[in-house]
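Chemist: Structure incoming, see below.
The values are calculated or read from the model by the stated rules, or taken from the named source; none is laboratory data. The structure displayed is predicted, hence computed values, not measured ones. Heads up, the Cβs are rebuilt from the backbone with ideal geometry, glycines too, and the neighbour counts pull from every protein chain shown.
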Amino acid sequence: MIKSIRVVRPSIRNRTDKTTPFRPRQNWFSLEPFRSTKTTSVDSLSQVYRKSDKNARTKDNPDHEKENVTVRRNHVDQFTDRNFILIDFEAISNEVCEFPAIWTRNGEIKAIFHAYCRPSKAIRPDRYNGFYKDFLGHNLNFYLKQNSFNNVEWQFCKWCKHHKLMVETQKGSFSIASDTAIVTQGSEDFNFLNTSLMNNKVSMDKRHCYKYFYDLDALWIHAIGTNPPGSPRMHNMAKDQGWNVVPNAHSGIHDTLQLYFVFDGLRKSLENKENVLRRALRKNRALIK
């Protein structure tokens, strides 16, 4: 049963000083609307009650090496008692413009990270309005007012560290914890991530956490026995199997929630089968040649 999720999401309207570095707000969202087994309302993410979480503003432990987290030596090979970070980016010109992530463990959503990013390069308004405005549902100025990808990605790594999903060394390098894995639908999300890291001059040598990911499409093939359906793929996966269908395609946070429902359905089908996760493991070719 899904109990609650923790959300990190910057608000343009609530920011009083746009020059101040982004500090995430974490709020508790009730997931009562998501208990339906059919269709999740478009407004489900806004039909919630918020309360402040003072722990979100506490400083990180400066003693990185003493944290009780183990850096991965072997890949995650089972679903039970393991942490999965589910990600489905949105992008403008192959750069991440929306950075959502859902942390799930044993079928329960534990926390959510969500932020928007501004492009690192100039985007022609006519090109944006010709495709991206309708596709993403926001005008270009919305993204230009957001924090940089560097800032948001660093906050994501710190969020993972806070939840013991990653380890940070004293030199600022992040590695995935031994009981944690990243899951995406296909490889395109990591292509967006790699492009954003390179364009924003984030050292790939300090992002060992992105070396591997697990492919939802491969899990589908092993669980269902057929090739994945057409676009919008995850929505059609959910419809095909009678799982929760989340509307609002091309919204990163909604698509990541859809990824959660599909992943959880596949997890239930595959958790007693051996070597399934190993077959879905993929290398990030930008980090591993």
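Chemist: Looking at the stretch 134-165, which of its residues are within 16 Å of Ile112 (Cβ to Cβ) and of a type in the set (Phe, Trp, Tyr)?
Modeler: Hits for the stretch 134-165 are Phe156, Trp159.
Chemist: Further, regarding this structure: Which condition breaks for Thr256 when tested against (1) closer than 22 Å to Glu153 by Cβ; (2) β-branched (Val, Ile, Thr); (3) in contact with a helix residue (DSSP H, G or I) (Cβ under 9 Å, 6 or more places away or on another chain)?
Modeler: (3)
Chemist: Taking the condition buried (at least 19 other Cβ atoms within 10 Å of the Cβ) and of a type in the set (D, E, K, R), does Glu188 pass? First the steps, then the outcome.
Modeler: Details: buried (at least 19 other Cβ atoms within 10 Å of the Cβ): no; of a type in the set (D, E, K, R): yes.
No, not satisfied.
Chemist: Quick check: is even one residue across the stretch 253-276 closer than 26 Å to Phe192 by Cα, out of contact with any strand residue (DSSP E or B) (no Cβ under 9 Å at 6 or more places or on another chain), of a type in the set (D, E, K, R) and surrounded by 17 or more Cβ atoms within 10 Å (Cβ to Cβ)?
Modeler: no
Chemist: Check the stretch 176-192 and report whether any residue there is over 19 Å from His75 (Cα atoms), in contact with a Phe, Trp or Tyr (Cβ under 6 Å, 6 or more places away or on another chain) and at pLDDT 95 or above. Walk me through how you get there before you give the answer.
Modeler: Within the stretch 176-192, the subset over 19 Å from His75 (Cα atoms) is 188-189, 191-192.
Within this subset, residues satisfying the condition of being in contact with a Phe, Trp or Tyr (Cβ under 6 Å, 6 or more places away or on another chain) are 189, 192.
Add one more test, that the residue is at pLDDT 95 or above, and what stays is 189, 192.
For the stretch 176-192, residues over 19 Å from His75 (Cα atoms), in contact with a Phe, Trp or Tyr (Cβ under 6 Å, 6 or more places away or on another chain) and at pLDDT 95 or above: present.
Chemist: Just the residues that are more than 19 Å from Ile85 (Cβ to Cβ) and either among the aromatic types (Phe, Trp, Tyr) or modelled with pLDDT under 90 (or both), please, taken from the stretch 246-271.
Modeler: Pro247, Asn248, Ala249, His250 - these are the residues of the stretch 246-271 that are more than 19 Å from Ile85 (Cβ to Cβ) and either among the aromatic types (Phe, Trp, Tyr) or modelled with pLDDT under 90 (or both).
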